[in-house]
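Working notes, structure below.
The values are calculated or read from the model by the stated rules, or taken from the named source; none is laboratory data. These figures come from a predicted structure and were not determined experimentally. Cβ sites come from the backbone with ideal geometry, for glycine too, and all protein chains shown count toward neighbours. Please note that ligands, DNA and RNA were not included when accessible areas were found on the heavy atoms of the full protein model with its side chains. Shrake-Rupley method; radii C 1.70, N 1.55, O 1.52, S 1.80 Å.
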Amino acid sequence: DVQLQASGGGLVQPGGSLRVSCAASRFAFSSYDMAWVRQAPGKQRELVAMASADGTITYAEAVKGRFTVSRDNATITVQLEMSGLRPDDTAVYLCHARRIYAWGPDDYWGLGTLVTVSS
């Protein structure tokens with residue numbers, strides 16, 4: 001079974017930086033789009049950043065210029081470097097893997113890591 005585990009969350013002051021990581025079990029990692037999704041109270045889940053299998057990198061408008069996503073297919077990890085953090089960035093950050101087949105998506109959700117931005 002594919003397993004994803006996010007880690008690295010914690011408490012950071014506004015304007016600070018933090019890095020969260022996602023470690024995956026061994027699977028066809030390089031063939032999957034890897035994304036960070038966040039869930040905050042009172043909000044719907046939001047796609048924060050995606051590192052697609054084809055190398056395309058996308059970000060939510062709210063985090064452009066502040067967050068950087070990267071993946072390492074050799075170590076089957078994906079990281080999200082966050083800077084200029086704001087209180088609104090407070091959320092549980094979830095790791096997501098997705099591969100689209102003709103018959104539908106093959107996707108997996110990992111356990112989240114909590115990022116709290118507060119003074």
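By accessible area, using a 1.4 Å probe on protein heavy atoms only, the chain has 49% of its surface on carbon and sulfur.
Surface exposure of the stretch 59-113, expressed per residue as accessible area with a 1.4 Å probe, stands at 53 Å².
Once the cut-off is 11 Å, how many percent of the Cα-Cα pairs in the stretch 1-42 end up in the long-distance tail? For the stretch 1-42, the share of Cα pairs beyond 11 Å comes to 76 percent.
Need the full-extension length gain, ILE57 to LYS43, defined as separation in residues times 0.36 nm minus the C-alpha distance. One decimal, nm. Can you show the working numbers first?
Details: separation 14, 0.36 × 14 = 5.04 nm, distance 2.38 nm.
The ILE57-LYS43 span can extend by a further 2.7 nm.
Taken over the alpha carbons of the chain as equal point scatterers, the Debye sum produces base-10 log I(q)/I(0) values at 0.10, 0.12, 0.14 Å⁻¹ of -0.28, -0.39, -0.54. In the elastic network of the chain, a GNM with C-alpha springs shorter than 10 Å, the most mobile of GLY65, GLY16, GLY104 is GLY104.
Projecting the Cα positions of GLY84, PRO105, ILE57 onto the charge dipole of the chain (unit charges on Cβ atoms of Lys, Arg, Asp and Glu, taken about the Cα centre) puts GLY84 furthest along the positive direction.
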